[in-house]
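Structure record follows, encoded as structure tokens.
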Amino acid sequence: MAGSERVRIGAPRGLVAVTAGVAAGWLALAWAASRGQLSALPPVALALAALTAWHGARLLRERVVLTPTGVHERRLSGAGTVIPWHHLRLITVAPGAVELLTRDGERRRPAALRGGLGVTPGRFAARVELLRSAVPEGEAVTVGTAGPSGGWNGRRLGALWAAVLVGTGVLTGAALRADAPWQADWWPGGEVLADVPDPCAVSEDAARALGTQWRQPPEPPPGGGDDGPETDLCAYDGDRGRLTVAFDRYPWRGSSAEAPADAAGAAYYAAGTFAMEAEEIAGATWHVSRDERGQEMWLLRSNVWATVRYHDYGPDEAPELPEDLDVELTALAEDVVRALG
């Protein structure tokens, strides 16, 4: 090293930028998971973002500068130390780091001279060579070489990457398993329905065939607070009978609540399907109840409970049902199956 030449040893700017991008990615994941009402993944993603940001800050601030006067080390806190060349006795290549031994017996391992995730064995060896070439002539400082167990090699780099990836995978996997986001209605390709078709559009042909006309339905009863379904209802009135089609959708209310499909199934089977006949219509299992006053049909499709009902409200003791009631309601059930997908 000649004159006032200074040699900086630290992380490449590209590595710092990549680390910042990874931290930003974890923050974005935490934000998206929070918006998706997950409970376990956001804190895990925030913790990983913080660890990545801390690592990035170390890469940005920790460095070693070699000058004709000595070894200047800058730490994460911003504090710096200088070891003059004449105070150094030996520079050794320890396992995964370069160790500086002073004449008074102090041992230092500057962070910028250690192995790490972004430090290839070639880059580590180049740093050792820079340190060796920086020792001024006339200074009795011995720079050692890496022995069989010293230095930074591919095995150590691979083991470090494996530990980081496995640890990250275990944490995120456990969080995903706890949250089960595939049970949410926003999960791509999932079976849980985020919305339902318009019941009036599905039932208008059947209503016309049964001689009924659309009427403004009453407000649906409360579904039971935060645990109840969201109901879409369409009703038609005729001279005597009334046709109603309803879709009760149990929405995703976060990973800490019951899964939508489980909530719908619990309500559906608790309502008394055991007393109804099971019929296969359009490849779906409907539960059907018939009596002298009409017919009611239920279908459970993931988190949606579909109801088709025709009831004669005439004052006569002997009701008059449409002759083709069963045919029309079966056709309507087929339309419901197709609409729900």
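Annotations for the structure displayed:
- Output for segment 1-30, where each listed residue is touching a helix residue (DSSP H, G or I) at 6+ places or on another chain (Cβ under 8 Å), assigned to a helix (DSSP H, G or I) and not small (Gly, Ala, Ser): LEU15, VAL16, THR19, VAL22, TRP26, LEU27, LEU29
- Taking segment 24-44 as the range and being crowded, with 17+ Cβ neighbours inside 10 Å and of a type outside the set (A, V, I, L, M) as the test, the residues that pass are TRP26, GLY36, GLN37, PRO42.
- CYS234, sole failed condition from (1) within 24 Å of ASP326 (Cβ to Cβ); (2) in contact with an Asp or Glu (Cβ under 9 Å, 6 or more places away or on another chain); (3) open to solvent by 30 Å² or more (accessible area, probe 1.4 Å): (3)
- Restricted to segment 106-141, and to residues there that are in contact (Cβ under 8 Å) with a residue 40 or more places away in the chain and within 36 Å of the chain's Cα centre (by Cα), the residue that is most open to solvent (accessible area, probe 1.4 Å) is LEU117.
- Scanning segment 287-339 for residues that are surrounded by fewer than 16 Cβ atoms within 10 Å (Cβ to Cβ) and of a type in the set (Phe, Trp, Tyr) turns up just one, TYR313.
- Residues satisfying the stated conditions in segment 142-176, i.e. touching a helix residue (DSSP H, G or I) at 6+ places or on another chain (Cβ under 6 Å), under 30 Å from VAL65 (Cα atoms) and either in a loop (DSSP other than H, G, I, E, B) or at pLDDT 95 or above (or both): TRP152, ASN153
- Of the numbered criteria (1) over 37 Å from the mean Cα position of the chain (by Cα); (2) open to solvent by less than 10 Å² (accessible area, probe 1.4 Å), the one ALA284 fails is (1).
The values are calculated or read from the model by the stated rules, or taken from the named source; none is laboratory data. Keep in mind the model is a prediction, meaning the values are calculated, not measured. As a convention, Cβ positions derive from the backbone with ideal geometry for all residues, glycine included, and neighbour counts pool all protein chains shown. Surface areas here come from the heavy atoms of the whole protein model, side chains and all, with no ligands, DNA or RNA. Shrake-Rupley method; radii C 1.70, N 1.55, O 1.52, S 1.80 Å.
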